[in-house]
Every structure is written in C-alpha cells, then in structure tokens.
Amino acid sequence: MAQLTTKEQASKIASLEMKAQSRNLMADAWYRLMRNKASMVGLVIIAIFAVVAIFAKQIAPFSPIEIHGGKGFLPPVFIEEGPNGLNPDPQFLLGTDTLGRDVLSRVIYGARVSMVVGFFPTAIILVVGILMGLTAGYVGGRVDNFLMRITDVVYAFPDLLFFIIIMISLRDTAVGKMLNGLFLLFGALSLVNWVAVARIVRGQVLSIKEKEYIEAARCLGASDLHIMFRYILPNCLGPVIIQTAFTIPAMIITEAILGYLGLGLRPSTNPKDIFITSWGSLLLDGQSAINAQRWVLLAPAICVALVVLAFTFLGDGLRDALDPRLQGTE
C-alpha cells in the first residue's frame with residue numbers, strides 16, 4: 001500500500017477532526033432542540049400538515065370541486081343553526097360554501113399549495129442567496145462590491161408591491177398559466193427574497209475565511225471551490241437553517257395575501273389537477289360569504305396561523321440550539 005505524503009496525512013487528519021467536531025456540534029444542537037417543547041410541538045404540527053398535503057386525496061371526504069346540489073351555505077356540525085337558518089349536515093364537518101362544495105375537503109387540498117409554496121421558493125432562495133453570499137464574502141474586492149450593490153438594489157424593492165405587479169402583468173401569459181399560476185408565483189417569491197440569506201452567508205464567510213484551518217487548507221494546496229464548499233459553507237449552515245425556518249412561513253403568508261387579493265393560484269375545475277385550491281383562495285371565497293358562512297373564511301385562516309406559528313416555534317428552537325453563545329451554559 002502506497003505511503004501517504006505529509007500533505008495528504010495532514011489533510012486527512014484535518015478532515016477527520018472537522019467531521020468529529022461537526023458530529024459533536026450537531027448532536028448537541030439536536031439535544032437542545034429536543035428539549036425545547038415549543039419547537040417539538042411546532043415540528044409535530046408541521047409534520048401533520050405535510051402528511052395532510054401529501055395524502056390529501058385519501059384523507060379528504062369529497063372532491064374539492066364536487067358540488068352538492070341544494071346544500072350550499074351549510075354550517076359546521078358544531079353549530080346548531082347557521083346564520084341563514086340552515087341546520088348542519090353530518091357529512092360536511094365544516095359545512096359547505098356558496099356552491100355546495102365541502103369546506104373541509106377544500107381546506108385539506110389547500111394545504112398542498114401552501115406547503116409547496118413554503119418549501120419550493122425557499123429552496124430557490126437558499127441556492128441563490130448562498131451562492132451570492134459565498135462568492136461575495138470569499139472573493140472580496142470588486143466582486144464583493146458589485147454583488148452587494150445588486151443585493152442593495154433588490155432589497156430596495158417593496159416585496160408585496162413587486163409580487164402584485166408581477167402577478168398582474170404576467171398572469172395571463174403562458175408562464176402565468178403554468179401549474180395554474182404556481183410557476184409564476186414561485187419565481188416572483190424567489191426573485192427578491194434571497195437578499196437576507198446572501199447577507200447572512202457573506203457575513204459568516206468574512207469571519208470564517210480568516211480562520212487558521214482555512215489558511216492551512218490553502219497551504220495544503222486546496223482549491224478555492226474546495227475551501228468554499230468543503231470548509232466554509234458547512235460552518236455557515238447554522239444561521240442559514242435558522243433563516244430558512246423563518247422564510248418558509250413568510251412565503252406561506254405571502255401566498256395567502258396574494259390569494260386573498262385574487263392573484264394567487266388560478267381556480268381549477270379539473271379533478272386530475274394536483275393543485276386545485278389554496279388557503280389564500282379560500283380566504284377570498286370566505287370574504288365574499290362572510291355573513292352567510294363565516295367558517296369558509298375562518299378555517300383556512302386558522303390553518304395559516306397554525307403553520308406559521310409552528311415554523312416560528314421551530315425557528316426559535318433552532319436559533320437557541322445552534323447559537324454558539326449558549327454552548328456550555330447548562
């Protein structure tokens with residue numbers, strides 16, 4: 001077996017030490033997170049909604065677009081008599097809307113859109129933000145100045161106004177019709193929300209790249225890309241994970257706002273579509289029928305609030321678990 005050179009031995013030892021340290025830090029962070037009861041409750045709520053979104057077809061009692069003739073505006077089963085004098089029907093636990101569609105089934109299917117809108121744009125935001133911040137912080141100089149000026153320009157856009165303009169301008173185009181409007185929504189949400197991640201990563205890189213082990217990696221002949229993605233990026237993940245936990249509910253709230261304004265998911269009447277309705281669209285339906293069937297409005301609003309609170313609790317727990325200043329305080 002060939003003998004390892006001095007450089008290869010040093011590199012292997014440094015890599016093993018870094019892996020051991022990373023495992024210890026992650027194990028400690030996971031222990032802290034598990035002890036945070038609010039975070040665990042939030043994690044359970046998120047898991048429940050994720051299961052509901054994935055298995056909506058099997059869980060929902062009816063199709064979300066099925067119209068039950070003569071059964072519009074039925075109240076939920078826990079209300080003896082609705083505002084319109086109608087009595088509840090045990091088939092429809094949360095009542096029906098103006099057209100006689102089951103509210104519970106529509107809320108269940110709405111979880112699909114809201115959860116997807118929470119995760120997919122966030123994934124794009126992470127990729128763009130990490131690449132921008134990592135490049136700006138590591139390269140420095142004119143590259144850093146140029147990328148940060150781009151970041152400042154994007155940050156100057158009013159987010160909600162930008163989303164509304166994009167959705168109104170491109171809603172009737174071919175892009176706006178893809179996935180019933182979700183593709184355009186993903187793009188709009190991703191275009192201006194990567195700024196916070198880029199700034200966080202850049203700040204972390206500026207402090208990490210001066211560490212001794214980075215200098216050692218350079219002396220051993222490691223390439224810049226290897227240093228950036230093998231040594232620097234893993235040490236930036238703590239703040240990025242925390243930011244992610246707060247970005248996802250922000251995306252869900254934004255979709256609910258756009259849906260309430262009639263600029264979110266396009267209504268679908270095709271039972272084969274995966275994305276038929278969203279909580280934002282249900283909020284709009286409930287607003288128009290608030291006097292006769294206010295539960296159409298309250299049910300999706302409660303779901304949005306629960307998911308946002310769950311991610312907020314999880315984000316707070318992750319911040320406490322991954323904050324280095326808390327290490328060794330217990």
TODO: Kindly indicate whether residue 192 is modelled with pLDDT of 90 or more, in contact with a helix residue (DSSP H, G or I) (Cβ under 7 Å, 6 or more places away or on another chain) and over 17 Å from residue 116 (Cα atoms).
DONE: no
TODO: Filter region 193-234 for residues that are without any contact (Cβ under 8 Å) to a residue 24 or more places away in the chain and small (Gly, Ala, Ser) and give the result.
DONE: 207, 223
TODO: Specify the residue that is surrounded by the most Cβ atoms within 10 Å (Cβ to Cβ); the eligible residues are those in region 242-298 that are farther than 24 Å from residue 177 by Cα and under 20 Å from the mean Cα position of the chain (by Cα).
DONE: 247
Open item on the list: If residue 210 satisfies all but one of (1) in a helix (DSSP H, G or I); (2) under 19 Å from residue 135 (Cα atoms); (3) of a type in the set (D, E, K, R), what's the number of the condition it fails?
Closed with: (1)
Task: Filtered residues of region 78-105 (kept if of a type in the set (A, V, I, L, M, F, W, C) and within 13 Å of residue 299 (Cβ to Cβ)) - done: 78, 79, 92, 93, 94, 103, 104
- [ ] Please work out which one of (1) buried (at least 18 other Cβ atoms within 10 Å of the Cβ); (2) more than 19 Å from the chain's Cα centre (by Cα) is the condition residue 117 fails and give its number.
- [x] (2)
- [ ] Could you tell me which residue of region 176-192 is surrounded by the most Cβ atoms within 10 Å (Cβ to Cβ), considering only residues that are without any contact (Cβ under 8 Å) to a residue 12 or more places away in the chain and over 21 Å from residue 247 (Cβ atoms)?
- [x] 176
Task: Unique residue being part of a helix (DSSP H, G or I) and either under 20 Å from residue 105 (Cβ atoms) or of a type outside the set (Gly, Ala, Ser) (or both) when the list is 301, 250, 310 - done: 301
Task: Wholly within region 99-170, helices (runs of 4 or more DSSP H) carrying at least 1 residues that are touching a Pro at 6+ places or on another chain (Cβ under 8 Å) and among the hydroxyl-bearing types (Ser, Thr, Tyr) - done: 103-139
TODO: Name the residue, out of 86, 33, that is in contact (Cβ under 8 Å) with a residue 60 or more places away in the chain and surrounded by 15 or more Cβ atoms within 10 Å (Cβ to Cβ).
DONE: 33
Task: region 284-296, subset among the aliphatic types (A, V, I, L, M) and farther than 17 Å from residue 263 by Cα, residue modelled with the highest pLDDT - done: 296
Open item on the list: Considering only residues that are more than 21 Å from residue 267 (Cα to Cα) and surrounded by 21 or more Cβ atoms within 10 Å (Cβ to Cβ), which ones fall in region 89-105?
Closed with: 92
- [ ] Select, from 59, 67, 108, the only residue that is in contact with a Lys or Arg (Cβ under 7 Å, 6 or more places away or on another chain) and among the hydrophobic types (A, V, I, L, M, F, W, C).
- [x] 67
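Residue by residue, here is whether (1) in contact with a strand residue (DSSP E or B) (Cβ under 9 Å, 6 or more places away or on another chain); (2) more than 17 Å from residue 196 (Cβ to Cβ); (3) of a type outside the set (Val, Ile, Thr) holds:
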position	(1), (2), (3)
93	yes, yes, yes
99	no, yes, yes
109	no, yes, yes
113	no, yes, no
116	no, yes, no
120	no, yes, yes
125	no, no, no
129	no, no, yes
142	no, yes, yes
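The values are calculated or read from the model by the stated rules, or taken from the named source; none is laboratory data. Since this is a predicted model, take the numbers as computed values, not measurements. A quick note on method: Cβ atoms are made from the backbone with ideal geometry, for glycine too, and the neighbour counts reach across all protein chains shown.
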